[in-house]
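Shown next, in C-alpha cells, is the structure this report addresses.
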Amino acid sequence: MNPLVIIVEDEKTIRRFIRVALETQQYKCLEAEDGMTALSLAASYKPDVMVLDLGLPDMDGLEVIKRLRAWSNIPILVVSARGHEREKVEALDLGADDYLTKPFSISELLARIRVIFRHHLHEQCENSDNPSWNVGLLQINYEKRLVTLSGEEVHLTPTEYKLLTLLSSHHGKVLTHRYLVQGIWGEVTADDTQSLRVCMGNLRRKLEENPAQPKFIITEVGVGYRMVDEL
Ligand code: CA
C-alpha cells in the first residue's frame with residue numbers, strides 16, 4: 001500500500017509543489033490548510049507522515065505538534081523559514097522528527113521523508129539493536145564498543161563514544177543540543193552546551209580528515225548535529 005502523507009501548509013502554491021513532488025514518488029497525499037483540519041484529518045486517516053508548516057492561520061504549528069503527540073507518534077517533518085532556529089529546536093524538542101528550511105528543493109524533501117520512513121520502519125521492526133553500523137570507512141561495533149576508521153581502531157573517551165553512538169543510531173536525522181546533552185550527561189545546564197562543543201571538537205579531530213570541514217557529522221547551525229546517512 002502506498003504511504004499516506006498529510007501536507008499541512010496554508011500557502012496553496014507550496015502545498016501543490018509538495019503534493020506533486022510526492023505523488024511522482026507514489027505517495028498518496030492529503031492536504032490541510034490549517035491546524036484544526038490537520039488534526040482532524042490525522043485522527044480520521046492515520047497518515048504515515050505529516051509535513052507541517054509552522055506558520056498556520058489558526059494556530060501555531062508547534063501547538064499542532066503538542067496536540068498530536070498527546071495521542072499519536074506519526075512522524076512529523078517540520079517546514080520552517082530560514083533564520084527561525086529557535087522554532088526548529090522547539091519543534092524537535094516537542095517531538096517533531098526532522099525539519100526542512102524554506103525554500104527547499106524537491107530532492108531535499110524526498111531525502112528527508114525517506115530517512116523518516118527508514119527510521120520509523122526500523123523502530124517498528126527491529127527492537128534488537130544492530131550490532132554494528134558503518135558509513136564510508138567509519139565503522140561502529142556497538143557490541144564490542146569498537147570504533148574503527150579504515151580498519152584502524154579509534155580510541156574514544158566514554159563521553160565521545162556516547163556522543164558518537166547517539167548520533168549514529170539516529171543517522172540522517174538532526175539531534176538538538178538539548179537532546180544530546182541529556183543523552184550524555186542526563187540533565188541540561190548552560191555549561192553542558194559548551195562541554196558538548198568541546199566533546200564534538202575532540203571527536204571530530206579523531207574521526208575527520210579535516211575537522212573544519214567534517215564529512216561524518218554535520219553541524220546544523222543553531223539547532224544541533226546530524227550524522228550523515230551516506231557519504
Ligand atoms: Ca505558512
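Kindly evaluate residue 38 against the criterion of being among the aliphatic types (A, V, I, L, M), assigned to a loop (DSSP other than H, G, I, E, B) and within 16 Å of the ligand (Cβ to nearest atom). When the stated conditions are applied, residue 38 does not pass them.
Against the list (1) assigned to a strand (DSSP E or B); (2) without any contact (Cβ under 8 Å) to a residue 60 or more places away in the chain; (3) within 15 Å of the ligand (Cβ to nearest atom), the condition residue 79 fails is (2).
Among the residues of region 63-75, those identified as more than 16 Å from the chain's Cα centre (by Cα) and within 16 Å of the ligand (Cβ to nearest atom) are 63, 64.
Can you confirm whether region 152-159 contains a residue that is in the same structural domain as residue 52 (by TED's automatic domain parsing), touching a strand residue (DSSP E or B) at 6+ places or on another chain (Cβ under 8 Å) and touching a residue at least 40 places away in the same chain (Cβ under 8 Å)? No, because not a single residue in region 152-159 is in the same structural domain as residue 52 (by TED's automatic domain parsing), touching a strand residue (DSSP E or B) at 6+ places or on another chain (Cβ under 8 Å) and touching a residue at least 40 places away in the same chain (Cβ under 8 Å). Contact map, region 193-221: first residue among the small types (Gly, Ala, Ser), second residue assigned to a helix (DSSP H, G or I), Cβ cut-off under 8 Å, separation 6 or more or different chains; pairs are 195/181; 195/185.
Has region 33-41 got at least one residue that is closer than 14 Å to residue 109 by Cα and open to solvent by less than 10 Å² (accessible area, probe 1.4 Å)? Within region 33-41, not a single residue is closer than 14 Å to residue 109 by Cα and open to solvent by less than 10 Å² (accessible area, probe 1.4 Å).
Condition check for residue 101 on (1) surrounded by 19 or more Cβ atoms within 10 Å (Cβ to Cβ); (2) within 16 Å of the ligand (Cβ to nearest atom); (3) within 21 Å of residue 173 (Cβ to Cβ): one failure, at (1).
The values are calculated or read from the model by the stated rules, or taken from the named source; none is laboratory data. Just so it is clear, the model here is predicted, and its values are computed rather than measured. Note: ideal-geometry Cβ built from the backbone for every residue, glycine included; neighbour counts use all protein chains shown. Side chains are part of the model used for accessible areas, which takes the heavy atoms of the whole protein and leaves out ligands, DNA and RNA. Shrake-Rupley method; radii C 1.70, N 1.55, O 1.52, S 1.80 Å.
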